[in-house]
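Please treat every number below as a calculation from the coordinates, not as lab data. No experiment lies behind these values; they were computed from the predicted model shown. No Cβ is skipped: glycine too gets one built from the backbone with ideal geometry, and neighbour counts run over all protein chains shown.
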Amino acid sequence: MVGNIGDIQFVSFLEAVIDLLEEKNLLEEKNKEPFMNALYDIYMVSQEKTAMILSLKKLLLDFKIFRLNLTGHKFDMTSLCNLNLSMCNLTNVNLAHSDLENINLSFSILNGANLAGAKLQNANLKGAQLRGANLRSAHLSRANFEDADLREVRLGAADLNSTNFLKADLTGARLHGADLSDANFQYANLSRAILNSSILSNTNFEHANIEGADFTNCTGLSVDKIKKADFVSPFQFPGSINKNSFHET
């Protein structure tokens, strides 16, 4: 294929989609040739990546291809901005350092996925499963993790400014050195989470479970703020939290 976009990495992604559809028999035999022709036409006429993404999304819907299984595939350094991959199986996928801004991954399975250094600003990950996923140094400002499964996830040094973790499960999550300014952890489960040396300016912990969490050397954490969280008593600090852990900004 020789199109107008000139993005070899994105073309590789399209080819991987084609290979996967054939491997998983997600296309009926009678639809294979029309789908391939339509995909070729999209690539040939698209002048920009965004137009191609929108056309590809419509094509997948037209051919009733849902819940793509991309388990273990490697798409690192790829740009998938604005793509709708809701309800897909992306277990152990490699999207390290990829551009995923505004992507819709709601209710998708990303357990064990590698998203280290990825750009996920404004991404929708509501209800997604990311157990044990690697998001170290990822850019996640204004992302939505409402009701997401983030148990044992690695978020060290990530940019989580204004990120929504409402009712998310972050049991045992590692958030050390992360920027959690203005993040929302209302009703989230942060039991045994590691937040040492993180930035907690205006972070909302109202009714969050922080039993056994590590807040050592955090910036912006106050006693008044942590009292809004749920633990045994307002006079006891759970786990490694103690009065010397609070550093007002």
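Quick notes on this structure:
- Between H97 and N82, residue separation times 0.36 nm minus the direct Cα-Cα distance comes to 3.8 nm.
- Annotation: the stretch 112-159 has a Kirkwood hydrodynamic radius of 10.3 angstrom, from the mean reciprocal C-alpha pair distance.
- The radius of gyration of the Cα set in the stretch 113-230, together with its Dmax, comes out at 12.2, 36 angstrom.
- Set of the stretch 167-200 residues, backbone N closer than 16 Å to the point 7 Å along the Cα-Cβ line of H207: 167-169, 184-190
- Rounded if a/c under 1.5, otherwise prolate or oblate - the stretch 77-150, Cα gyration tensor axes: rounded
- Sparse packing (at most 15 other Cβ atoms within 10 Å of the Cβ) combined with a DSSP loop state is found for none of the GluC sites (Glu not before Pro) in the stretch 86-165.
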